[in-house]
1. For segment 158-180, which positions are over 18 Å from the mean Cα position of the chain (by Cα) and either within 20 Å of residue 75 (Cα to Cα) or assigned to a helix (DSSP H, G or I) (or both)?
2. For segment 76-95, indicate whether the set of residues that are out of contact with any helix residue (DSSP H, G or I) (no Cβ under 9 Å at 6 or more places or on another chain) and loosely packed, with under 12 Cβ neighbours inside 10 Å is non-empty.
3. Filter the helices (runs of 4 or more DSSP H) completely within segment 1-88 down to those with at least 2 residues that are modelled with pLDDT of 85 or more and either among the charged types (D, E, K, R) or farther than 18 Å from residue 150 by Cβ (or both).
4. Got at least one residue in segment 39-52 being of a type in the set (Lys, Arg), in contact (Cβ under 8 Å) with a residue 12 or more places away in the chain and surrounded by 14 or more Cβ atoms within 10 Å (Cβ to Cβ)?
5. In contact with a Cys (Cβ under 9 Å, 6 or more places away or on another chain) and at negative phi: is that true of residue 106 in this structure?
6. Limited to segment 11-34, what total is found for residues that are without any contact (Cβ under 8 Å) to a residue 60 or more places away in the chain and surrounded by 18 or more Cβ atoms within 10 Å (Cβ to Cβ)?
7. If you scan segment 181-210, which residues turn out to be hydrophobic (A, V, I, L, M, F, W, C) and under 30 Å from residue 79 (Cβ atoms)?
8. Go through the residues of segment 103-118 one by one and say whether even a single one is outside any helix (DSSP H, G or I) and open to solvent by 20 Å² or more (accessible area, probe 1.4 Å).
Amino acid sequence: MKQTLKEVKYAFYLIRHPFKGFWDIKYEKYGSLKTGIIILLLTIITQILSKLYTGYLFIGPKSAHYNLLETVLSTLSLYFAWCIANWCLTCLSDGKGTFRDICTATAYSLLPFVIIQIPMIILSNIFILRELVFYNLLNGLSYVWIGFLLIISQVVTHHFTLSRTIVVIIFTVVGIIALAILVLLFFNLIQQVLVFISIVIEELMLRLSY
């Protein structure tokens, strides 16, 4: 427990000193996948709180039947799609990071979302509409910070140059889109097979009944 708290504390240092931070969690064991999972869970909880408690002026009308599972699954799907696509590409481009390294570094990169979004949920219930620009600025800052950390994590984890990192990230995004299309096609195929099987069974049942 004490070690986990130490690693969580170090995560706050990492987001301010990303080059040294990502190096230390990979080579000096200042971090772990377990702590990365904790940060990922905190990100999911923050998203849920944001959906439920962000002020009406900033999120619009809320659905009476909020689907919590959808938020959890969409976040986990995007996280693992990024990690899988990035691992596949970096293996082909001689990256030095393992799948575990990628999962850990990616999870650590999400911490700014938690740090910024929690105060934003509170402020959204205090701010008036004229202060929307400040709200959007803070919201944008969280995503820019995450993007910056993801870039640095690629540079440090895989020993890439900045230009090579940008290319890999672009192809990772393309890979995520391709992966999503393949998954959709797979489930569509499964659905069609199940429909065909049910039709065949119904037809057999009808013929046997005569």
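The values are calculated or read from the model by the stated rules, or taken from the named source; none is laboratory data. Owing to the predicted nature of the structure, the values given are computational and were not obtained by experimental measurement. Because the Cβ atoms are built from the backbone with ideal geometry, glycine has one as well, and the counts that use them run over all protein chains shown. With ligands, DNA and RNA removed, areas are computed over all heavy atoms of the protein, side chains included. Shrake-Rupley method; radii C 1.70, N 1.55, O 1.52, S 1.80 Å.
1. 158, 162, 163, 164, 165, 166, 167
2. Yes; the residues of segment 76-95 include at least one that is out of contact with any helix residue (DSSP H, G or I) (no Cβ under 9 Å at 6 or more places or on another chain) and loosely packed, with under 12 Cβ neighbours inside 10 Å.
3. Working: elements: 2-14, 18-27, 33-53, 56-59.
Result: 2-14, 18-27, 33-53.
4. Filtering segment 39-52 down to residues of a type in the set (Lys, Arg) leaves 51.
Then drop every residue that is not in contact (Cβ under 8 Å) with a residue 12 or more places away in the chain, which leaves 51.
If we keep only those that are surrounded by 14 or more Cβ atoms within 10 Å (Cβ to Cβ) too, we end up with 51.
So far as segment 39-52 goes, yes, one or more of its residues are of a type in the set (Lys, Arg), in contact (Cβ under 8 Å) with a residue 12 or more places away in the chain and surrounded by 14 or more Cβ atoms within 10 Å (Cβ to Cβ).
5. Numbers: in contact with a Cys (Cβ under 9 Å, 6 or more places away or on another chain): yes; at negative phi: yes.
Judged against the criteria, residue 106 is a match.
6. So the answer is 1.
7. Within segment 181-210, 181, 182, 183, 184, 185, 186, 187, 189, 190, 193, 194 qualify.
8. Within segment 103-118, the first condition is being outside any helix (DSSP H, G or I), and the residues that meet it are 109-110.
Still in the list and also open to solvent by 20 Å² or more (accessible area, probe 1.4 Å): 110.
Yes - at least one qualifying residue is present in segment 103-118.
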